[in-house]
1. Given the structure, is Gln109 farther than 30 Å from Lys123 by Cα, polar (S, T, N, Q) and touching an Asp or Glu at 6+ places or on another chain (Cβ under 7 Å)?
2. Tell me, yes or no, whether the range 13-25 has at least one residue that is surrounded by 10 or more Cβ atoms within 10 Å (Cβ to Cβ) and assigned to a helix (DSSP H, G or I).
3. So, Leu110, is that one within 30 Å of Arg4 (Cβ to Cβ), free of Cβ contacts under 8 Å to residues at least 60 places away in the same chain and under 16 Å from the mean Cα position of the chain (by Cα) or not?
4. Taking the range 99-122, which residues are surrounded by fewer than 10 Cβ atoms within 10 Å (Cβ to Cβ) and either over 20 Å from Ser25 (Cα atoms) or of a type in the set (Lys, Arg) (or both)?
Amino acid sequence: MRYRVKQKRNDINDKTMYYAQPVWSGLVGTRELAQRIAERSTLSATDVRAAIYGLVEVMEGLLHEGYSVKLDDLGVFRLSATSAGYDSPEACTPHRVHAAKLCFRADAQLKGNLKFVKFERDKRK
């Protein structure tokens, strides 16, 4: 993975510091992902895309029902919810609660593999 060094000013002590910032290589869409998976399996890219679309639909339904969804070796997905503050519990009605974020917690093995990521400094400014 490439990175750049960026200058940032620390407001607390008014000191300029330099930090690594990743340079993203691009965005891989479903078609590319399916093609890469197909090259490693007996499935066609079309079969893989169908499975991915099915996974998305089923996961969305389960998340809406309040389930966390664990994909082995990848991690756990769950929804977080919130509301404004109210003076009484009765005032916090269902229509005042909303899904805030989709949260992801990486599997321990996947997270542990981060130590094997190799970095190189990006030559562009």
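1. Yes: the conditions hold for Gln109.
2. no
3. yes
4. Lys115, Lys118
Taken together, the values in this text are just the output of simple stated rules run on the coordinates, not laboratory data. As the structure is a computational prediction, the values presented were derived from the model and not from experiment. Neighbour counts run over all protein chains shown; Cβ positions are idealised from the backbone, glycine included.
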